[in-house]
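Asks: Sharing a structure below in structure tokens format, with a few things to ask.
The values are calculated or read from the model by the stated rules, or taken from the named source; none is laboratory data. Predicted model, so just to flag it, every value in this text is computed and none were measured. As a convention, Cβ positions derive from the backbone with ideal geometry for all residues, glycine included, and neighbour counts pool all protein chains shown.
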Amino acid sequence: MIRQLNAGINWRQCQGLAIAVGLVVTWVLAGWIVADATTDLILAALAFIVVGILVITVKNWRSGFYLSLVWLLFEDLARKYLGSNMYIYFGKDVLIGMTYLSFFLALRRRQVETFRPPFLFPLSLFFWLTRGIRLDHQLPNGGACSRTSA
């Protein structure tokens, strides 16, 4: 089967495509360096870092979780010096979303054990008791809709 895949791929075309993509990336980076666009250079570097973290996350969701925490640690630093760019927020969301997706895929393959606490029934009773108290309109301060007019 691998021989059939190798027969269908023209490696000379792949090499030509890789060289063309490399030249375009070099051209764009050189233009940014000449134009002194350091913000664009830093954002491009961060994009490469995010893609690397995504590849690691797809392989192992636990590593992706820890790398997402590291990203959260340094995200404020990047936002401070790059002017609160929305790409940084979107990068964080993509990292967390890919970590969730990788976790759920591992859960589906039964590679992860779920946690079922032995106190789940009393916890659920307490949860519904608090919801009921919060929605009780007859309580002076506890009800969600009890508004006092001054």
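Asks: Within the stretch 102-139, which residues are of a type in the set (D, E, K, R) and over 30 Å from residue 64 (Cα atoms)?
Replies: Correct list: 131, 134, 136.
Asks: When you scan the stretch 94-138, how many residues do you find that are aromatic (Phe, Trp, Tyr) and more than 11 Å from residue 61 (Cβ to Cβ)?
Replies: 6
Asks: So, residue 97, is that one assigned to a helix (DSSP H, G or I) and at pLDDT below 90 or not? Quick ask: steps written out before the conclusion?
Replies: On the way: assigned to a helix (DSSP H, G or I): yes; at pLDDT below 90: no.
Judged against the criteria, residue 97 is not a match.
Asks: How many residues are under 18 Å from the mean Cα position of the chain (by Cα), surrounded by fewer than 16 Cβ atoms within 10 Å (Cβ to Cβ) and outside any loop (DSSP other than H, G, I, E, B) if we restrict to the stretch 78-91?
Replies: Total satisfying the criteria: 5.
Asks: Show the residue pairs that are 6+ apart or on different chains and have beta-carbon atoms under 6 Å apart, the first residue being within the stretch 88-99 and within 11 Å of residue 53 (Cα to Cα), the second being in a helix (DSSP H, G or I) and of a type in the set (Phe, Trp, Tyr).
Replies: Final answer for the pair search is 95/71; 99/61; 99/65.
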